[in-house]
Amino acid sequence: MSGLVEAFPAQRAAAIVELGAITENCAALKARLAAATRLCAVVKANGYGHGAEPSARAALAGGAELLAVAAATEAFELRESFPETPILLLGALGDAELDVALAARAEISVWEPQFLSEVALRAARLGVRPRIHVKYDTGMGRLGARDPAVVEALLAQAGADDAVESAGLWTHFATADEDDQTYLDAQLERFTVLAAAARERLPNLLIHAANSAATIRRPESHFDMVRCGVAIYGLDPFGADPTASGLRPAMSLVSSIAAIRRCERGDSVGYGRRWHAESPTVVATVPIGYGDGYRRALTNNAEVLIAGRRYPVIGTVSMDNIAVDLGSQTTLSPGEPVILIGRDGDQRISAEELAGRLGTINYEVTCGLTTRVPRIHLGPAAPPR
């Protein structure tokens, strides 16, 4: 906690990201892999809310060899900082986005013959030769070719066109984070059969399927590369305790007490008077709210850490403030740090805890923090590999 306090600036709230944790998590994930299997760090959505460029740098220092994003602009923004690092574009590309992706020298995902032809045509005009990863939809039901024959035809088309390079074959699992592995087994079987056939024709093809959950749980899904997103930030892919998966959370969300006032029995706090004092108590106002990404659904439904103790959030979470019940007696005063996510002494509030209260997933919690919350990065800025 002391290190976080020193890092906390004169801000309403801040997300403090320990880059060393990202490096450690990548090293731990890498240790699960065979020597020849590569680690791809997924840094889309501003590094799951942690900051894309610093997170990417920390991930590369921990053994990642590729970066992955969802949008062409994300690839373009990273390219200046990582001129030689492969950047894989996982998402669909519109007409204008394709030019941005090619300018960023991104590796491009395809699943339609017409789109692959357009990629080759534009690449030839621009004088670039993009690496192509064909996506096989084995059961996610979003993007990718469902028909194995179409996948094989796309691989052949990419291999026969000198304007592009046939580089990879991939899929994405729908239920790797769930206890019931039946559907994952079916996806993995479909993919393994097609991957083996593709490997015979294209020995240098990069085969990849595993997300964070499969990387931890299913070694047979590792193939040539794994794509880890949530786990590199120390967020548990199973929504449980990250330490059980050998991960260290990278982000802490910190604010401070702005004001303290006494409430008498029957006094209310916040919009809609959704909390009333049952007895005299002291209430702190903390300047963070749903305008910062601290969700309104946490109304009367969360706790914070102050001086190593848990205190309940009371009343309606507003755009800019929350209220905290400090109890009938307190020695706390304005300026005292408040931990909304993170550790303080023996106590910890995790993104997984907040996600459980919200009925969502941990990475929606970190991705949902708005730009009003500055990201403060602690740790050395390791050079890209």
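The values are calculated or read from the model by the stated rules, or taken from the named source; none is laboratory data. Everything numeric in this text was worked out from a predicted model, so none of it was measured. With ideal geometry, Cβ positions are generated from the backbone for all residues, glycine too; neighbour counts draw on all protein chains shown.
Can you tell me which condition THR171 does not meet? The list is (1) more than 16 Å from MET140 (Cα to Cα); (2) touching an Asp or Glu at 6+ places or on another chain (Cβ under 8 Å), and all the others hold.
Condition not satisfied by THR171: (1).
If the requirement is being touching a helix residue (DSSP H, G or I) at 6+ places or on another chain (Cβ under 9 Å), over 23 Å from VAL43 (Cα atoms) and buried (at least 22 other Cβ atoms within 10 Å of the Cβ), which of these qualifies: SER212, SER166, SER221?
Values: SER212 fails: over 23 Å from VAL43 (Cα atoms); SER221 fails: over 23 Å from VAL43 (Cα atoms).
It is SER166.
Of ALA36, ALA10, which residue is of a type outside the set (Asp, Glu), at pLDDT below 95 and more than 15 Å from the chain's Cα centre (by Cα)? Steps first, please.
Values: ALA36 fails: at pLDDT below 95.
Going through ALA36, ALA10 in turn, the sole match is ALA10.
Among (1) of a type in the set (D, E, K, R); (2) at pLDDT below 95; (3) touching a Phe, Trp or Tyr at 6+ places or on another chain (Cβ under 9 Å), which single condition is ARG57 missing?
(2)
Just to check your reading of the model, which residue among ARG348, ARG357, ARG310 is more than 24 Å from TYR48 (Cα to Cα) and either modelled with pLDDT under 95 or not assigned by TED's automatic domain parsing to the domain that holds TYR48 (or both)?
ARG310
Of the conditions (1) free of Cβ contacts under 8 Å to residues at least 60 places away in the same chain; (2) within 21 Å of the chain's Cα centre (by Cα), ILE339 satisfies every one except a single condition; which number is it?
Just one mismatch for ILE339, condition (1).
Okay, residues lined up against (1) in contact (Cβ under 8 Å) with a residue 24 or more places away in the chain; (2) farther than 18 Å from GLY168 by Cα:
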residue: LEU88; (1), (2): yes, no
residue: ASP95; (1), (2): no, yes
residue: LEU98; (1), (2): yes, yes
residue: ALA106; (1), (2): yes, no
residue: VAL110; (1), (2): yes, no
residue: ALA123; (1), (2): yes, no
residue: GLY127; (1), (2): no, yes
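For the range 41-56, enumerate the residues that are buried (at least 24 other Cβ atoms within 10 Å of the Cβ) and either touching a strand residue (DSSP E or B) at 6+ places or on another chain (Cβ under 7 Å) or over 11 Å from CYS26 (Cα atoms) (or both).
Of the residues in the range 41-56, the ones buried (at least 24 other Cβ atoms within 10 Å of the Cβ) are 41-43, 47-50, 55-56.
The answer is ALA41, VAL42, VAL43, GLY47, TYR48, GLY49, HIS50, ALA56.
Where residues in the range 139-155 are touching a Leu at 6+ places or on another chain (Cβ under 8 Å) and touching a residue at least 40 places away in the same chain (Cβ under 8 Å), which of them is nearest to GLU97 (Cα to Cα)? So that I can check it myself, show each step before the final result.
From the range 139-155, those touching a Leu at 6+ places or on another chain (Cβ under 8 Å) are 145, 148, 151-152, 154-155; that's our starting set.
Right, trim to touching a residue at least 40 places away in the same chain (Cβ under 8 Å) and you get 148, 151-152, 154-155.
Values: PRO148: 27, VAL151: 23, GLU152: 26, LEU154: 21, LEU155: 22 Å.
Here the answer is LEU154.
Residues in the range 169-183 that are surrounded by fewer than 23 Cβ atoms within 10 Å (Cβ to Cβ) and either in a helix (DSSP H, G or I) or in contact with a Ser or Thr (Cβ under 7 Å, 6 or more places away or on another chain) (or both): how many?
Residues that pass the stated criteria total 2.
Scan the range 300-310 and give yes if some residue there is more than 21 Å from the chain's Cα centre (by Cα), assigned to a strand (DSSP E or B) and on the phi > 0 side of the Ramachandran plot, otherwise no. Spell out the reasoning first.
Here is the first cut: in the range 300-310, the residues more than 21 Å from the chain's Cα centre (by Cα) are 300-310.
Subsequent filtering for residues that are assigned to a strand (DSSP E or B) retains 303-306, 309-310.
From what is left, the residues that are on the phi > 0 side of the Ramachandran plot are none.
Checked the range 300-310: no residue is more than 21 Å from the chain's Cα centre (by Cα), assigned to a strand (DSSP E or B) and on the phi > 0 side of the Ramachandran plot.
Among the numbered criteria (1) without any contact (Cβ under 8 Å) to a residue 12 or more places away in the chain; (2) within 20 Å of MET225 (Cβ to Cβ); (3) among the polar types (S, T, N, Q), which one does GLN114 miss?
Single failed check for GLN114: (2).
Counting just the residues of the range 293-331 that are free of Cβ contacts under 8 Å to residues at least 60 places away in the same chain and basic (Lys, Arg), which one comes out farthest from ARG348 (Cα to Cα)?
The extreme case among them is ARG296.
Based on what the data block shows, is THR299 touching a Ser or Thr at 6+ places or on another chain (Cβ under 6 Å), crowded, with 18+ Cβ neighbours inside 10 Å, modelled with pLDDT of 95 or more and not charged (D, E, K, R)? Full working, then the answer.
On the way: touching a Ser or Thr at 6+ places or on another chain (Cβ under 6 Å): yes; crowded, with 18+ Cβ neighbours inside 10 Å: yes; modelled with pLDDT of 95 or more: yes; not charged (D, E, K, R): yes.
When the stated conditions are applied, THR299 passes them.
Considering only the range 48-72, state which residues are over 17 Å from the mean Cα position of the chain (by Cα) and of a type outside the set (Gly, Ala, Ser). Spell out the reasoning first.
Kept after step one, since they are over 17 Å from the mean Cα position of the chain (by Cα), are these residues of the range 48-72: 61, 63, 65, 72.
Within the range 48-72, just GLU65 meets the criteria.
Name the residue, out of ASP267, ASP236, that is out of contact with any Phe, Trp or Tyr (no Cβ under 7 Å at 6 or more places or on another chain), acidic (Asp, Glu) and under 22 Å from PRO334 (Cβ atoms). Working first, answer last.
Values: ASP236 fails: under 22 Å from PRO334 (Cβ atoms).
Just one listed residue meets the conditions, ASP267.
Provide a single number: the residues in the range 250-297 that are more than 22 Å from GLU353 (Cβ to Cβ), part of a loop (DSSP other than H, G, I, E, B) and of a type in the set (D, E, K, R).
Qualifying residue count, the range 250-297: 4.
Could you tell me how many of the residues in the range 269-303 are more than 20 Å from GLY342 (Cα to Cα) and charged (D, E, K, R)?
Number of matching residues: 3.
Is there a residue in the range 140-147 that is of a type in the set (Gly, Ala, Ser), buried (at least 20 other Cβ atoms within 10 Å of the Cβ) and in contact with a His (Cβ under 9 Å, 6 or more places away or on another chain)?
Filtering the range 140-147 down to residues of a type in the set (Gly, Ala, Ser) leaves 141, 144-145.
Filter once more, keeping what is buried (at least 20 other Cβ atoms within 10 Å of the Cβ): 144.
If we keep only those that are in contact with a His (Cβ under 9 Å, 6 or more places away or on another chain) too, we end up with 144.
Looking for residues that are of a type in the set (Gly, Ala, Ser), buried (at least 20 other Cβ atoms within 10 Å of the Cβ) and in contact with a His (Cβ under 9 Å, 6 or more places away or on another chain), one finds at least one in the range 140-147, hence yes.
Give me a count of the residues in the range 73-100 that are within 21 Å of the chain's Cα centre (by Cα) and small (Gly, Ala, Ser). Break it down stepwise before answering.
Taking the range 73-100 first, the residues within 21 Å of the chain's Cα centre (by Cα) are 73-79, 81-82, 85-93.
Next cut, small (Gly, Ala, Ser) only: 75, 81, 91-92.
Total satisfying the criteria: 4.
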